[in-house]
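The values are calculated or read from the model by the stated rules, or taken from the named source; none is laboratory data. Values in this document were obtained by computation on a predicted structure and should not be read as measured data. We place every Cβ from the backbone using ideal geometry, glycine too, and count neighbours over all the protein chains shown. The accessibility values were calculated without ligands, DNA or RNA, using every heavy atom of the protein model including side chains. Shrake-Rupley method; radii C 1.70, N 1.55, O 1.52, S 1.80 Å.
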Amino acid sequence: MARSLMTAKWWRFSEYELFQDARRFTYVRPKPGVRCEEYDPWSAWEKARPLHQDRPTPYQELLNLVYEIGWTDPRSRPPRDQAAISEIATRHSERILGWCRKFGLLGVLPHQAFFIALTPRQKRDKEAAEFWRRIIHRTFGEPAPAPQQLVTQVLYSRTGAPPRYWDTAETLVNDDAFPPGVLMKTATGTFASASLEFVADFFPELPQARDSEGRLVLECPFPLSDEFWRAYAEPVSTFLWEAVSLNRAVAAMRIKRYKAGSDKLMQVYRGLDPLIGLLAPVRAVPYLQEGRGLRQGWSSSSLLGALAMMALSDLPEGKARECAECHKPFVSSGRPQSLYCSKKCRWRAQKRAQRGG
């Protein structure tokens, strides 16, 4: 699939670690002080697509992790108990952290959130004067003298162009402030609201306080910025839930024939719902390719959305099937020799055949 460089950007750190907050919730996060780099996840996908079939694609590697945990049934769900999540994370820590080192975190918060309104905060004296001069004077020219105090609100919205995707504004408010919280775009295209605690769950070590009205005060960094990624942590329960959702969607892609009212048809529907949600932040973008004019690429504000788009894009060129060696789902090129999800599985099968087993 042709793509523009603006679709390719994602972030990963050189080292990750498991971490528990005061509630004993388990997270995966970058180790403090390690190097952050931008990379191209689509490039890794293109090198491993069904027509090449020499290594697992990024989404296949995530599905392999799901299978190693033991969730081979597409209807499997991660446990809700945090003690059980902690035990799973510890037992499979090498694979979870290894996947994150290779590809980064899934970006569940920027995937689900569409609009974030932070709690209004009061500015006084010098800080108020600086805001007044920077925003009001620049917009309206020479206004009245700056007040001694004023109230502003920081807003983030996923309305920007790739590769940053997010816009920000700090506005002067009185009684017209947005309720602090987040709007999330659902699979059906509607919006669901959540409190600012939803955002705070992804920043377990950022300072939190309550204002005079009891509202959470959280200085959430600008989404996808370097400061954002260094403070961001993904709950392992959320990470695994989204991985299982992707597994359910890919399993539905493998089903080609079904009858009305059959169990297979129900499995397709069970996979379709999460697939729509996974693809929610993905959008087509035009770009200019030398010698070929305008072309179509794909852009996603999260790695999670990009993985779902990779799996969906493989279907026209490949055949969804089960690996003949490890029995994990993957999308093959459809050629007879493409019975295996990777060179490793093909090698294992050939060695066993040579031994006569």
- Task: From the list T57, T90, T119, pick out the single residue that is under 24 Å from F228 (Cα atoms) and either modelled with pLDDT of 90 or more or surrounded by 13 or more Cβ atoms within 10 Å (Cβ to Cβ) (or both).
- Result: T119
- Within the stretch 178-211, track down each residue that is of a type outside the set (S, T, N, Q), part of a loop (DSSP other than H, G, I, E, B), more than 16 Å from the chain's Cα centre (by Cα) and at pLDDT below 90. G189, D211
- Note on the structure: Within the stretch 3-13, the residues that are open to solvent by 40 Å² or more (accessible area, probe 1.4 Å) and modelled with pLDDT of 95 or more are R12
- Message: Cβ-Cβ distance below 9 Å, separation of 6 or more or different chains: which pairs start in the stretch 31-51 with a residue that is within 10 Å of F13 (Cα to Cα) and end on one that is surrounded by 15 or more Cβ atoms within 10 Å (Cβ to Cβ) and modelled with pLDDT under 90?
- Response: E38/A8; E38/K9; E38/P163
- Item | In the stretch 60-87, the residues that are open to solvent by 60 Å² or more (accessible area, probe 1.4 Å) and either among the hydrophobic types (A, V, I, L, M, F, W, C) or farther than 13 Å from S245 by Cα (or both) | E68, R80, D81, A83, E87
- Just give me the residues in the stretch 171-202 being free of Cβ contacts under 8 Å to residues at least 12 places away in the same chain and acidic (D, E), in sequence order. D175, D176
- Task: Select from the stretch 184-193 the residues that are of a type outside the set (F, W, Y) and exposed (fewer than 15 other Cβ atoms within 10 Å of the Cβ) and write down the one among them that is farthest from Y287 (Cα to Cα).
- Result: S193
- Message: Take L106 and tell me if it is under 16 Å from the mean Cα position of the chain (by Cα), under 23 Å from T186 (Cβ atoms) and either surrounded by 20 or more Cβ atoms within 10 Å (Cβ to Cβ) or free of Cβ contacts under 8 Å to residues at least 24 places away in the same chain (or both).
- Response: yes
- Item | Hits in the stretch 143-163 (condition: assigned to a loop (DSSP other than H, G, I, E, B), small (G, A, S) and either without any contact (Cβ under 8 Å) to a residue 12 or more places away in the chain or closer than 30 Å to P286 by Cα (or both)) | A144, G160, A161
- Message: Looking at K123, K102, can you tell me which residue is in contact with a Leu (Cβ under 6 Å, 6 or more places away or on another chain) and among the basic types (K, R)?
- Response: K123
- Message: Restricting to the stretch 21-30, name every residue that is touching a Ser or Thr at 6+ places or on another chain (Cβ under 8 Å) and either at pLDDT below 95 or open to solvent by 60 Å² or more (accessible area, probe 1.4 Å) (or both).
- Response: R24, F25
- Query: Filter the stretch 148-183 for residues that are touching a Phe, Trp or Tyr at 6+ places or on another chain (Cβ under 6 Å) and among the aliphatic types (A, V, I, L, M); which is surrounded by the fewest Cβ atoms within 10 Å (Cβ to Cβ)?
  - Reply: L183
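Hand me the list of strands (runs of 3 or more DSSP E) wholly inside the stretch 218-323 holding 3 or more residues that are within 23 Å of the chain's Cα centre (by Cα) and either over 30 Å from P207 (Cα atoms) or touching a residue at least 40 places away in the same chain (Cβ under 8 Å) (or both).
Numbers: elements: 282-289, 293-300, 319-322.
By residue number, 282-289, 293-300.
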- Message: Among the residues that make up the stretch 303-312, is at least one of them more than 27 Å from L196 (Cβ to Cβ), out of contact with any Lys or Arg (no Cβ under 7 Å at 6 or more places or on another chain), modelled with pLDDT under 75 and of a type outside the set (D, E)?
- Response: no
- Task: Those residues that are polar (S, T, N, Q) and in a loop (DSSP other than H, G, I, E, B), I need them from the stretch 75-118; list them, please.
- Result: S76
